[in-house]
Structure formats: structure tokens, C-alpha cells
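Take a look at the structure set out below.
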Amino acid sequence: MEYLVICLFAFLASGLTFFSGFGLGTILLPVFAFFFPVEVAIALTAIVHFLTNLFKLTLIGKKANRFVLIKFGVPAFLFALLGAYILTLIADSAPILMYSISGNIFYITPVKLIIAVLLAIFALIDMVPSLKRIQVDQKYLPLGGSLSGFFGGLSGHQGALRTAFLIRANLSKEEFIATGIVIAVIIDISRLSVYAGEILQLESTFNYPLLAAAVLAAFLGAFLGNKLLKKITIQKLQLSIGALLLIFSVLLGAGII
């Protein structure tokens with residue numbers, strides 16, 4: 001069952017990232033978290049996200065805008081290091097609250113609470129029309145890179161912030177998508193360099209065949225998504241996914257997941 005669910009969502013999420021507000025990590029992290037501890041889910045999602053974006057680079061990466069990459073990508077790389085470092089500090093923190101329901105004990109940990117809050121915020125940004133239309137002037141590209149990198153390193157959720165800043169950079173559709181993919185790879189390299197120690201410690205808990213299957217499903221989704229690349233409005237789908245993400249964030253923050 002976990003193979004079917006994770007691979008299906010990896011396939012759909014990877015394809016949707018070409019023309020949807022939601023990123024691969026936003027959708028895939030909750031799915032992994034249903035089957036693995038949240039810190040393992042973050043590591044697995046980061047690996048799938050990184051490898052999938054490398055594959056996307058071969059499809060459209062050459063169209064990325066170099067000026068925007070420098071202004072946005074450099075601070076994104078540096079602040080992703082900071083966000084990832086903070087995650088490693090809180091990953092093993094003791095629960096801040098525990099409670100029981102019908103004899104079942106639930107623990108609210110700092111990492112679960114932080115990821116739950118961030119997930120809810122970014123889900124709302126992609127769901128609420130007025131928030132989706134937020135655009136920031138080009139002169140704030142370094143600030144956007146810093147914020148996007150920090151939250152990308154902390155939880156992997158940085159697509160909404162990146163979009164808000166890049167949408168005003170006077171990029172064509174292909175440049176916008178390609179530049180976003182390159183920046184995502186930059187952030188992934190940064191945070192994975194910090195996660196490396198934690199990933200090695202968690203390695204024994206990884207299901208490698210499942211990880212490989214998820215990567216292949218994401219590759220296929222990216223390939224087909226690129227073939228179908230065009231202006232598509234999928235508002236109802238975004239709202240449905242956003243609602244599910246909000247429910248998940250509540251369950252995660254409450255320690256139930």
C-alpha cells in the first residue's frame with residue numbers, strides 16, 4: 001500500500017509543479033510522514049526532491065536566467081544552510097507536551113509543531129487568491145532568496161515564497177520555471193550538505209526500494225508534466241490539496257501523526 005500511495009503522489013506532484021502553485025516537497029512530505037517519523041520523512045522528501053529537480057534541469061534548465069540566479073540563488077544557498085542547521089538542532093528535542101486519548105499517548109515535539117505551522121502557512125498561501133497574487137519588486141530578490149532558502153532548509157517548503165519574488169522578474173514562462181528549478185537545486189544542495197550527518201544516522205530506517213520507486217515515479221511525472229507544459233488553471237485541485245494539507249498540519253502539530 002505504501003508503494004502505491006507514495007509513488008502515485010510523487011508522480012502527480014512532480015508533474016503538477018510545472019503549472020501548479022504546489023511544490024513536490026509540499027505534497028510529498030505529508031505522504032512520507034504517514035509512513036515514517038517526521039525527521040525521516042523530511043530526509044526522504046529532500047532526496048526525492050533533489051534528484052527530481054536534477055532530472056528537470058536536463059529538460060528545461062538551460063533556459064534559466066543567470067542574473068536572477070545570482071541575485072536570488074546566492075543568498076538562498078547561504079540561508080538554506082542556516083535553516084537546515086536549525087532543523088538538525090531541534091530534530092532530537094524532547095517533546096514539549098504529551099497527552100493521552102483512550103489510552104493512546106501522543107507527543108507534541110518542536111520539529112512536528114514547526115513543520116505543521118509552516119505547512120499550514122504555505123498551504124494557505126497557495127489556497128487564498130489574495131495571497132497567491134502577492135508580488136514583490138525585483139530589487140528585493142536577495143531578500144526573497146534569503147527567505148526562500150531559510151524555509152527551504154528548515155522544512156523544504158519554499159516554492160510559494162520563490163514564486164512571489166520571481167513573478168516580477170520579467171521572465172518568460174520557460175525562464176520562470178527553469179530559474180525556479182535551478183534555485184530549488186541550489187537550495188537542495190545546501191540543505192542536503194547539512195542533513196548529510198542526520199541522513200547517515202537515519203539510514204537504517206530508510207526503505208531504499210521505496211525511495212527508488214518514488215524517485216522513478218517523480219521522474220515520470222516530471223517528464224509528462226514538461227510535455228504538457230502550458231497555462232493550465234487547476235484551482236479546484238489546488239483547493240482540495242490545500243485543505244488536505246491543512247488537516248494534515250493540524251494532526252501533525254497535535255502529535256497524532
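The values are calculated or read from the model by the stated rules, or taken from the named source; none is laboratory data. Predicted, not measured: the structure shown is a model, and the values here were computed from it. Reconstructed Cβ throughout: ideal geometry from the backbone, glycine too, with neighbour counts over all protein chains shown.
Looking only at residues in the range 163-182 that are within 17 Å of the chain's Cα centre (by Cα) and without any contact (Cβ under 8 Å) to a residue 60 or more places away in the chain, the one that is nearest to Thr58 (Cα to Cα) is Gly180. Filtered by the rule that a residue be crowded, with 17+ Cβ neighbours inside 10 Å and farther than 16 Å from Thr52 by Cα, the range 198-217 gives Glu198, Ile199, Leu202. Per the conditions (1) touching a residue at least 40 places away in the same chain (Cβ under 8 Å); (2) over 30 Å from Leu224 (Cβ atoms), the sole criterion not satisfied by Gly61 is (2). Test Ala222 against the criterion of being surrounded by 16 or more Cβ atoms within 10 Å (Cβ to Cβ), within 17 Å of the chain's Cα centre (by Cα) and either part of a helix (DSSP H, G or I) or at pLDDT 70 or above (or both), and give yes or no. When the stated conditions are applied, Ala222 passes them. Scanning the range 66-116 for residues that are of a type outside the set (Gly, Ala, Ser), outside any helix (DSSP H, G or I) and surrounded by fewer than 20 Cβ atoms within 10 Å (Cβ to Cβ) yields Asp92, Pro95, Ile96, Leu97, Met98, Tyr99, Ile101, Asn104, Ile105, Phe106, Tyr107, Ile108. Residues that are farther than 30 Å from Arg66 by Cβ and of a type outside the set (S, T, N, Q) do not occur anywhere in the range 180-190. Just so you know, in the range 117-143 the residues that are modelled with pLDDT under 70 and in a loop (DSSP other than H, G, I, E, B) include one that is surrounded by the most Cβ atoms within 10 Å (Cβ to Cβ), and it is Val136. Among what's in the range 1-11 and is in contact (Cβ under 8 Å) with a residue 12 or more places away in the chain and surrounded by fewer than 20 Cβ atoms within 10 Å (Cβ to Cβ), pick the residue that is nearest to Phe36 (Cα to Cα). So, considering only residues that are in contact (Cβ under 8 Å) with a residue 12 or more places away in the chain and surrounded by fewer than 20 Cβ atoms within 10 Å (Cβ to Cβ), the one nearest to Phe36 (Cα to Cα) is Glu2.
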